[in-house]
Amino acid sequence: MFIYVLAAILALTLSGYVIGQRRSLKLAGGEARSLHSRPGYYGAYVAAWVGIPSLILVLIWLLFQGPVIDALLLASLPDEKTANLSSAQVSLLISEIKQVSRGNIFGQPDQAILDAGVRYQNWRLIASWSMLTAAISLCLAGLVINRARIAPAFRARQRVEGVMTGFMIACSIAAILTTVGIVLSLLIEALRFFSLVSPLDFLFGLRWEPQIAMRADQSLGSGAFGAIPVFLGTLEIALFAMLVAIPIGLFTAIYLTEYAHPKFRAVIKPVVEILAGIPTVVYGFFAILIVAPAFKNFMNSIGIDAAPNSAFVAGAVMGIMIIPFISSLSDDAITAVPRSLRDGSYALGATQAETIMQILLPAALPGIMGGVLLAVSRAIGETMIVVMAAGIIATLTLNPLEPVTTVTVQIVTLLIGDTEFDSPKTLAAFALGLVLFTVTLCLNVIALRIVQKYRERYD
Amino acid sequence: MNERPNLNQAGFGNLAPAPKGLLARGDTSGRIRVVGRSVSVFYGEKQALIDVNIDILDKSVTAFIGPSGCGKSTFLRCLNRMNDFIDAARVTGSVEIDGVNIYDPEIDPVQLRARVGMVFQKPNPFPKSIYDNVAYGPRIHGLARTKSDMDEIVITSLEKAGLYKEVKDRILEAGTGLSGGQQQRLCIARAIAVNPEVILMDEPCSALDPIATARIEELIDELRQNFCIVIVTHSMQQAARVSQRTAFFHLGTLVEEGETSEIFTNPRQSRTQDYITGRFG
Amino acid sequence: MTDATLDTNVGSRLGVDWASEANARRLKKRYAANRRLQFYGLTAIALAIGLLGTLVSSLVVEGYKAFYQSKATLEIRLDPADIDPKNLADANYRRIFNTAIERYVPEAKTPAEKRQLSDIFSSEARYALRDYVLAHPEQIGQTIKLKVSLSDPFDQLEKGVIPRYVDALSSSETSRFEALAGRGLIEGRGADAAMKVSLSIDPQKVSSADIGAGRFRDIIADGLLATLGNPNAVGAAWPMLRDDVADVLKAYVIAHPDSIGQRLENFKLPLSPNYAALASGETPKVFNQRFASEKQFEWLDRLKAQGALSYPFASELLLNPTSRFPELAGLAGAIVGSFYALVVCFLISFPLGIAAAVYLEEFARRNRWTDLIEVNINNLAAVPSVVFGLLGLAVFLNSFGLPRSAPLVGGMVLALITLPTIIITTRAALKAVPPSVREAALGIGASKHQVVMHHVLPLAMPGIMTGVIIGLAHALGETAPLLLIGMNAFIPSIENIGLLEPATALPTQIYAWADSPERGFVARTSAAILVLLAFLVVMNGIAIFLRQRFERKW
């Protein structure tokens, strides 16, 4: 039905365009020159008034149609069916009714459900038809009213451009809305979580066992949502990632900016940057397929027992992914150091290594630090590698050979599968998400500030 | 005075200080330190410098003048092989300093640049403290065995550059915080801290105001007593003020070279005459 | 710090001699340091590229095996008695197929043997047969030739991924045994191989009155503990001994009753067969547990000898939806799901991104609002993608009530992720159009809108498209946000994939396969990754082509 409504609106919009254009030409007596704007603008003006309001109407309608029908359905059911149900059971009941209405009947549903199924089907039909009617009447109203406004002196171009500007402003605000959406959704769910679990316990507790909450018969253990082990694991894995990425990335940047022949650089730089373009799920698979077994065998051969999903392997593989971030940001920072400092150093008889280590790197340090901070934020927020290669159980350990878990792993494992929005287990993921978002945002803001200041210094 | 000194008289590495006051202004006596013979520079296909022959005297200031793009800076950069860093650049001919061809494969450019200091157009202090700026050269070349040796080198160099009195209270602060003229004198101090034999200056005053320029010019005159100084300048007044000898470059060739007073009052070539009187440039 | 006079030459006072040997040594060291740094740089580059190479080559080495499939061409008689021509679909094709394969292996008589026989072939075989009959009903009554896939273990066996026999002992078991041998506790070869342990025949455990009732296992356990030192080692040592080791000791004590109360030095406890073989220098092998019986090998070898096996390109990988059976699992569902999600992502992010970028770059005056939007976009570009997944879950699924696992929601979340990138690259492309173009158009009386729409945007379009394609390529590889909104559904059929139906995507399919325990999914996963990477290479290739073909130097 939705498709038909869209098609109807589109057709009416197009005809609005044609009607507006014809009308303006007719009023001008076929002389386009006597019009204020070119005929197309009159068409576009009418089309905008035909299409946009009804499109907005349809979108709002669709947003509310589902919840409203669900509420009506629930109210129409006999009281004994809906008394004392948790929200999860309610949604189960509703989905059962919807299944029944599509003819997928499992077992022997009782008559109330079957009736509700029929009602649901009817209501949906009514809703669709009324949406179609409403949309078309709005289109026609727009067509009639605005067709009447067309006159040779009517400033159609300005109107159309005003609509376009409005559309562009709305699109720019979409970016703000995204941020607002992120902050609000994280905050609201996290606050619901903190009404169940004290924020202090969450931030400073030493035990993270969210599985406990899965069992309805068991009350919440007070220490079950202490996120310290999760935070610690995140930092540990990020640390290993940096230990791999910083030396490789930095030395790569040094070689490519200061030693490499331009042709060598032109080939190698994009090749190294391929590492950043590979999807992270691929790195995760690489970790469990190649790196983890190889590392375990190596450790066994020197007589040390290592877990297959050790923190070190997860961090190291993440480090591979981050190499290009460090190398290209350091590359930018080193290249931004003015030529005159290099000349000054070489003119004093410094070798390339002395110039790099004693002049260029210290001068580029703020830029490199900004890059490293961005990379740290990336490592903390990276998900798939750790979901596949790190652990799920939160253990309070700093041993690189044992598995640890991270914030992102917990978010994914808590939310994968069916989710109910009233269990602390689900809400905990949003609390973790809030922490993750805050930390990465701070890191990004600081890093971008540093990089910007650094650029200004040498511009 | 006008006779060309014999090439064979050029010594090697002799740095005996000349008695003070002997080298009065206009006195161009001195040994030949730098000899350029048939020096040509190519940037890829383009020839930037054509067959330059020149002798540069010790303990005097030689100014290179000429319109922009005439090759004077290119030639200056040949003297400490800074052209090595430009991939497409190729130098032919020979440049001898104290009788040794610096383009000889045996010659190490790093060591060469310690002996041929350079000061650039724009002051380029390192983003380090004033002390570390001056100590950088001696440190990489291992000129000071102890901390007090280093202190001495730094202070002496700053004094020689006429900067010590101004900065002695903030010697550990950043060199980039100084004024433009002070920064340029810091760069001069940095260059003389490694005790070079020749100092090259590439338009050292072009980024400075007149007062700072006057201060640098005085300094150059003082340094002349100990060093062989080559200065590229776009200002003929400056060349006349600070130099004893002047070389005029045009379109990649060395048109004329001689005593400054001679070049400015009685040039042999009409092109020099035209440039000096401002008919082109 | 002494007062230095102006004419004192510091260098000469410090005695610098450039030609000195000390200086030459120093210079050598400095150059060595330079070469060292250069070496570190080259090493780092080699490491980075080597890791990339390892990544890709290991995927190719694992993944190419999923691009071909072991199949058997079987002769199947379509008996008219078995198939009702009016109701072709409902015939018992399973029985027809089993009858056909049993003709190849007449000795499979018992139900267990018959099951082992049919286990060699994919469980899809009967559907393949049904589809064949539905397509060729005229062939009923004849004997047809049908190509059917082998089931996963046999497919893997044919590809050499898993062996028929595996090492009986793990490497840690072997090394533990070798440690004991190193201590001289192991003696003899073959059936005589034994572990030498000193045992004290404790009268508390064995009474001479009733030797048969003695607790000989306890005696051996005590002896092992005394010899090996810790209970873990004893636990590991038991499997090395023959199962009847207590009876061996019992027989000895019965034969030597006087040993009760004595200590038996270096008593030889016989080793279990696997360890005895190890002691003789052989590597003990056992039948691979993935297979049901060794007869299956024999039957497979017979088929092979008859030339019935072939290894064609596995079109299933690209054309099938996913399945629980690796030999049947394909990417079709995931590709369609990813395609839908990307289309939605494009339809949202392309107009939105361009409009926002045009506004910010061409129309907006710099004020606090536009600064805020700009900072906001830069920061959004660095927000972890999993946070966008949380947003999608909370807003699109929970508040808007959109269906879970739907490509529409996936596309919307991906659009939010790519939007900042598209805005940033579009603005860069717009910035690259020189002001002279705008001035020229404004100069002939065009409105600001007309200038942008007619001149600036078309000129910037190649740059914008490059950015959009790279953004979409990035979106194609995103996994975590899709997991959160449930776009990792198990979709065994591609018939009813729609914008609002549950679906899966390429990267989430890879994640699901990577999690599957069957050996065949390792190759499947690698192959799926190769397919994903191929899409990315093509998309980035188009972007690079656009950039080079249309890039203007102003």
Give the shape of the protein assembly as shown as rounded, prolate or oblate, defined through the alpha-carbon gyration tensor: a ≥ b ≥ c are the square roots of its eigenvalues, a/c under 1.5 means rounded, and otherwise the shape is prolate if a/b is larger than b/c and oblate if not. oblate
Could you check the spin-label model distance between residue C:310 and residue A:144? Points 7 Å from the Cα along Cα→Cβ, value in nm. 7.1
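Let me know the mean shielding of C:527-533 by other chains, meaning the per-residue number of their Cβ atoms within 10 Å of its Cβ. It would help to have the intermediate numbers written out before the result.
Numbers: counts 0, 3, 7, 1, 0, 4, 5.
That average works out to 3.
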If the cut-off is 12 Å between C-alpha atoms, which aspartates and glutamates fall inside it for residue C:431, apart from same-chain ones fewer than 8 positions away? C:361, C:362
What list do you get for A:384, B:118, A:164 if you sort them by fewest beta carbons within 10 Å? A:164, B:118, A:384
Just to confirm the number: angle between the C-alpha axis of helix B:147-160 and the first principal axis of chain B, 0 to 90 degrees, nearest 10? 50
With +1 on the Cβ of every Lys and Arg and -1 on the Cβ of every Asp and Glu, the dipole magnitude of region C:29-165 about its Cα centre, in debye rounded to the nearest 20, is 1140
If the cut-off is a Cα-Cα distance under 22 Å, which lysines reach residue C:268, setting aside same-chain residues fewer than 8 apart in sequence? C:196, C:205, C:250
Measuring from its Cα centre, the protein assembly as shown shows a charge dipole (+1 at each Lys and Arg Cβ, -1 at each Asp and Glu Cβ) which, in debye to the nearest 20, is 3320
Of C:456, C:543, C:468, which is farthest along the charge dipole of region C:447-552 in the positive direction, counting Lys and Arg as +1 and Asp and Glu as -1 at C-beta? C:456
Given the candidates C:262, C:286, C:245, the one whose Cα lies deepest towards the positive end of the charge dipole of region C:243-299, counting +1 at each Lys or Arg C-beta and -1 at each Asp or Glu C-beta, is C:286
In terms of the charge dipole of the protein assembly as shown, which places +1 on Lys and Arg and -1 on Asp and Glu at the beta carbon, the residue among C:512, A:401, A:126 farthest towards the positive end is A:126
Lysines whose Cα lies under 27 Å from that of residue A:98, excluding same-chain neighbours fewer than 8 positions away: A:81
Quick check: the angle from helix B:130-141's long axis to the longest principal axis of chain B, C-alpha only, nearest 10 degrees? 70
Once phi is turned into ³J(HN,Hα) by the Karplus curve 6.51 cos²θ - 1.76 cosθ + 1.60 with θ = phi - 60°, what whole-Hz value does each residue of region A:159-176 show in order, with x for glycine and proline? 4, 4, 5, x, 4, 4, 4, x, 4, 5, 5, 4, 5, 5, 6, 4, 4, 5
Over the Cα atoms of chain B, what radius of gyration and what Dmax do you get, in Å? 18.4, 57
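Peptides B:135-145, C:272-282, C:445-455, A:348-358: what's the order by average Cβ count within 10 Å, highest mean first?
Details: B:135-145: 20.5, C:272-282: 18.4, C:445-455: 15.8, A:348-358: 22.6.
Taking the mean over residues of other Cβ atoms within 10 Å, the ranking is A:348-358, B:135-145, C:272-282, C:445-455.
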Could you give each residue of region C:233-239 its phi-based ³J(HN,Hα) in whole Hz, using Karplus coefficients 6.51, -1.76, 1.60 with θ = phi - 60°, and x for Gly or Pro? 5, 5, x, 6, 7, 3, x
Long-range HN-HN contacts of residue A:208 with modeled amide H, under 5 Å: A:226
Pairs over 32 Å Cα to Cα, from A:425/A:453; B:128/C:29; A:296/C:71; A:296/C:304; C:109/C:159; B:122/B:168, come to A:425/A:453; A:296/C:71; A:296/C:304
Take the alpha-carbon centre of region A:231-276, take the same for region A:141-181, and report the distance between them in whole Å. 48
Region B:239-281, dipole about Cα centre (Lys/Arg Cβ +1, Asp/Glu Cβ -1), debye to the nearest 20: 100
Distance from the Cα centre of region C:67-90 to that of region C:368-406, in angstrom? 53
Cα centroid separation - region A:1-65 against region C:250-314, whole Å: 83
Treating the angle as unsigned and between 0 and 90°, give the value, to the nearest 10°, between the Cα long axis of helix C:93-104 and the longest Cα principal axis of chain C. 60
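None of the figures in this text is laboratory data; all of them are computed from the coordinates on show. Computed from a predicted model, the values in this text were never measured in an experiment. Here the Cβ is made from the backbone with ideal geometry for all residues, glycine too, and neighbour counts use every protein chain on show.
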